[in-house]
1. Towards the positive end of the charge dipole of the range 43-131, with charges on Cβ (+1 Lys, Arg; -1 Asp, Glu), say which of 65, 93, 121 has the farthest Cα.
2. Ranked highest first by the average count of other Cβ atoms within 10 Å around their residues, in what order do 145-154, 68-77 fall?
3. When the accessible area of the range 46-175 is computed with all protein chains present and a 1.4 Å probe, what percentage of it is carbon and sulfur?
4. Report, in debye and to the nearest 20, how large the dipole of the range 94-251 comes out about its Cα centre when Lys and Arg carry +1 and Asp and Glu carry -1 on their Cβ.
5. Putting +1 on Lys and Arg Cβ atoms and -1 on Asp and Glu Cβ atoms, find which of 54, 133, 149 reaches farthest to the positive end of the dipole of the range 26-152.
6. Using a ≥ b ≥ c from the Cα gyration tensor of the range 94-153 (square roots of the eigenvalues), is it rounded, prolate or oblate, where a/c under 1.5 gives rounded and otherwise the larger of a/b and b/c decides, a/b for prolate?
7. Using θ = phi - 60° and the Karplus relation 6.51 cos²θ - 1.76 cosθ + 1.60, list the HN-Hα couplings for the range 97-106 in order, rounded to whole Hz, with x at every Gly or Pro.
8. List the residues, sorted by chain then number, that are 5 or more residues from residue 186 or on another chain and whose placed amide H is less than 5 Å from its amide H.
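The values are calculated or read from the model by the stated rules, or taken from the named source; none is laboratory data. These numbers come from a predicted model, not from an experiment. Quick reminder, even Gly has a Cβ in these numbers, built from the backbone with ideal geometry, and neighbours come from all protein chains shown. Ligands, DNA and RNA are excluded from the accessible area calculation, which covers all protein heavy atoms including side chains. Shrake-Rupley method; radii C 1.70, N 1.55, O 1.52, S 1.80 Å.
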Amino acid sequence: PQPPRPPSSMDLLAGPRWLMLALPLLLGVNASTVPVFEAANYSRLVKKTQNAALFLVQAPGAQDTPVLHVAGDAYRRGYAAGTLLGDSIAEFVGPVIDRYASSLLPQVKLNGLPDWLQAAIKESRKLAGDAVPKILQDALEWVRRKQRGYVLQASASNNIFEEIAGMAKGVCDSFGEEQCNRQLGGLDKFTERLERVNFLPELIRMSCSMLGASGAGTVHGKLVVLRSLDFGAVPFANYSMVVVHHPTPST
């Protein structure tokens with residue numbers, strides 16, 4: 001596929017300009033008082049690789065927002081993202097998640113979990129150090145094994161796991177074999193860890209917010225629906241970005 005083109009306002013439909021429109025709608029504020037910026041006018045290319053380009057949108061008075069464009073099938077899109085964002089991905093799913101394990105585990109509702117896992121999560125509230133991240137990973141692994149098959153059945157192309165596999169490979173290739181093995185435990189273990197982190201919303205049973213706009217509420221008059229997974233604050237807010245997919249047909 002051709003390298004992704006620079007983002008336009010339509011590419012960034014889920015990006016910050018629409019969030020600025022969404023907020024006054026939710027709060028009942030006149031949208032005309034909120035500035036709306038054309039994201040393409042405030043974007044700069046940070047770096048690019050085959051099938052991907054990373055931009056940074058820096059609009060006046062707004063939080064800087066990374067925007068990643070990825071192209072190709074699911075595996076290639078994941079690989080490109082892993083290549084460009086290797087350090088950030090490895091940091092987030094590794095030490096960042098581990099540091100916040102003690103605040104994440106208390107959010108887990110124990111009903112429906114096996115007795116051994118309930119006991120471990122209760123015990124984690126009294127522990128410190130490396131034991132707490134280990135319990136979080138054990139809990140995520142239980143959810144992964146329980147639900148992975150259902151996800152596979154629900155997606156005929158299994159794109160999410162192809163994308164994760166590509167992302168893990170991209171990170172490891174950008175690191176080199178020695179660093180991948182030393183820091184990430186090797187490709188297979190890192191792929192499993194990436195999968196586990198993606199089941200975190202299921203473990204702590206996160207909820208979603210919804211927004212719908214149409215007619216005069218959108219630039220094209222058509223319906224726009226936004227579903228936002230409510231991750232909450234740190235560590236997730238510190239790693240927020242917009243990802244624009246340019247998939248090949250049937251992917």
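1. Value: 65.
2. The densest-packed peptide leads the list: 68-77, 145-154.
3. Within the range 46-175, the accessible surface is 51 percent carbon and sulfur.
4. With Lys and Arg at +1 and Asp and Glu at -1, about 520 debye.
5. Toward the positive end, the furthest listed residue is 149.
6. Cα axes put the range 94-153 in the oblate bin.
7. Here the 3J(HN,Hα) series is 4, 4, 5, 9, 4, 5, 8, 7, 4, x Hz.
8. 181
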